[in-house]
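Below is one structure, written out as structure tokens, with a few remarks after it.
All of the numbers you see were taken from the coordinates with simple rules; none came from a lab. Only a predicted model underlies this, so the values are computations on that prediction, with no experimental measurement involved. Using ideal geometry, Cβ is built from the backbone for each residue, glycine included, and neighbour counts are taken over all protein chains shown.
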Amino acid sequence: MLSMKKDWLRWRALATPGKVAVVFEGRSVSYAELDRLARGQAAGLAAHGLRPGDRVATRMENSVEAIALVHAVARIGAVLVPLNTRLTAQEIARQFSLVEPALLVIDDESAGAGNGDPKHRPAPTPDFQACPVEPLQTVSLTRLVGDGSVIGREEERNWQEPRQAEKDQVQSIVFTSGSTGTPKGVQLSLANHFWSATASAFRLGVDTEDSWLSCLPLYHVSGMAVVFRACLYGTAVVLQRRFQLEEFQRCLRENRVTQTSLVPTLLHRLLHSSTATEWPQSLRTVLIGGAAAAPELLRDALEEGVPVTPTYGLTETATQAATALPAEVRKKPGTVGRPLLFTELHIADSAGHPLPPGEIGEILVRGPQVTTAYYRNPAATAAALREGWLRTGDMGRLDSDGDLFVLQRRADLIVSGGENIYPVEVEAAMREHPAVADVCVVGLPDAEWGQRCAAAVQLHAGATVTRDALLAFSRERLAGYKQPSAKHVRFVDSLPETASGKIARQAVRTMFEDVIATRKECQP
């Protein structure tokens, strides 16, 4: 394995100090400026007694200072633990009990006030005093970087970098979304990020004048990956605090954006916005990941000239594992392409044996960007990682050309009366109805059939359709056993989402709790 230099920012600042590193809310920061900011933060962390290997938890929204802190934590050899800003104190406490952070860095009102617009303020900070488990110390981000702060410049003058990190040093512990159970802490090293960035560059290409419009939070691996890739490539990040449709459109218009990444829900909003999105001629890549994108969504995007690039990846693979270019999407709607450089993909049966092309099974991934372990969770590590192969829990198939088609997570598979039902197939059929904007299909427990289909349906503004009419429409496209009954169809104003904009299937299941409870009461 490659012996990794841990301080990518220092090398980048030496090579191209004047190049723009980050553009954020009207502020442009060069790599030299970002390096100085990270050095001051690293001095502040050291002044708090942080040593190599210590865990530094962060609860911050996107900002220049937050990007610098990603580099500063790596610079002192500590381990970053980015926390989802939507978590409650109790949820954070569970993660604290696992990672035992030595320090928690949080936003404060002055750090996140922005222009005074409430939409740009950070999420409320939980009452950490109520946490059953607390970090040893808590400090606001501004105290690490502000002029005249107790921590910062005085320590910077005397502080020396620790010795070079080992090649497999853990850079971060990033928690999974928990969509299939309790969130797990994925260990990622700088080597994982390096190979991920290298493989992505081979597939997507790199130009020295690239700028990546990033609205995904830094506590998600996709948001963090953009930071490391830009530093490695010497390109710019046009950063947003969070996705906000009008602001995203403005950034596309006013910045020479060449690349961006979105989840399908956000792409759908942009395509169906009341204000037309102006996709600049400079844009060559719109990476679509985080969830399976419907072929019709990709078709609509291509018709509007959007260079959609579907990808498949996970937190455990430091984002991308397979990616399809726009020309491949036109040729094979629904594919996420072939595996990236140095990445292997298999489709396997329940025993882990490879399946031939066309067969549906579990997606297995192996490569240098794949994590080596879940933090302090040997049981989960042993179950998911075998001989270097990551058992993803996702279902898919490979065609004869080696292109990957992803169906959905194994946990989302619905088995009704012994028949397999793939929610993505039912969703695609219902979404073809002109009144339907989006739909999420889930499985509900059923005493007779094992599971039954249920669908939460969001209509276009002003559109109407009855349950019976919608089911009659989908019945022309689906076998009867794949159909939900009328009482298992709910019309909703909007579908619940995770922090990254993916549809929250567990929240959709909760919508049908009354149906589940009624069926239980009727059981003998």
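Given the alpha-carbon gyration tensor of the stretch 268-343, what are the semi-axes of its equivalent ellipsoid in whole angstrom, ordered largest first, with each equal to the square root of 5 times an eigenvalue?
On the way: eigenvalues 102, 34, 28 Å².
For the stretch 268-343, the semi-axes come out at 23, 13, 12 Å.
Taking the highest mean first, how do the peptides 458-464, 100-106 order by number of other beta carbon atoms within 10 angstrom per residue? Numbers along the way, then the final one.
Working: 458-464: 12.0, 100-106: 22.3.
Per-residue mean Cβ counts within 10 Å order the peptides as 100-106, 458-464.
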Report P(r) for the stretch 413-522: all Cα-Cα distances, bin width 5 Å, range 0 to the bin holding the largest distance, values in whole percent. 2, 12, 23, 25, 21, 12, 4, 1
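By average Cβ neighbour count within 10 Å, what is the ranking of 42-50, 400-408 from highest down?
On the way: 42-50: 21.8, 400-408: 17.7.
Peptide ranking by packing, descending: 42-50, 400-408.
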Take every DSSP beta bridge with both residues inside the stretch 199-326 and express the antiparallel ones as a percent of the total, to the nearest 5. 25 percent
Simple spin-label model, 7 Å along Cα-to-Cβ: Thr182 to Ala479 in nm? 3.8 nm
For Arg143 and Trp449, compute 0.36 nm times the residue count separating them, minus their Cα-Cα distance, and round to one decimal in nm. 104.3 nm
Using only Cα atoms, locate the centre of the stretch 350-385 and the centre of the stretch 59-95, then give the distance between them in Å, rounded to an integer. 27 Å
Using the structure shown, select from Lys19/Lys332; Lys19/Lys331; Lys332/Lys502; Lys19/Lys184; Lys184/Lys331 the pairs with a Cα to Cα distance greater than 32 angstrom. Lys19/Lys332; Lys19/Lys331; Lys19/Lys184; Lys184/Lys331
Histogram of C-alpha separations across the stretch 1-94, 5 Å bin width, %: 3, 13, 20, 21, 18, 14, 7, 3, 1
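Highest mean first, how do 264-270, 13-19 rank when packing is the count of other Cβ atoms within 10 Å averaged over residues?
Values: 264-270: 20.6, 13-19: 14.3.
Highest mean packing first, the order is 264-270, 13-19.
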Could you estimate the translational diffusion coefficient of the stretch 224-321 from the Stokes-Einstein equation, with Rh from the Kirkwood formula over C-alpha pairs, at 10 °C and 1.306 mPa s, in whole µm²/s? 112 µm²/s
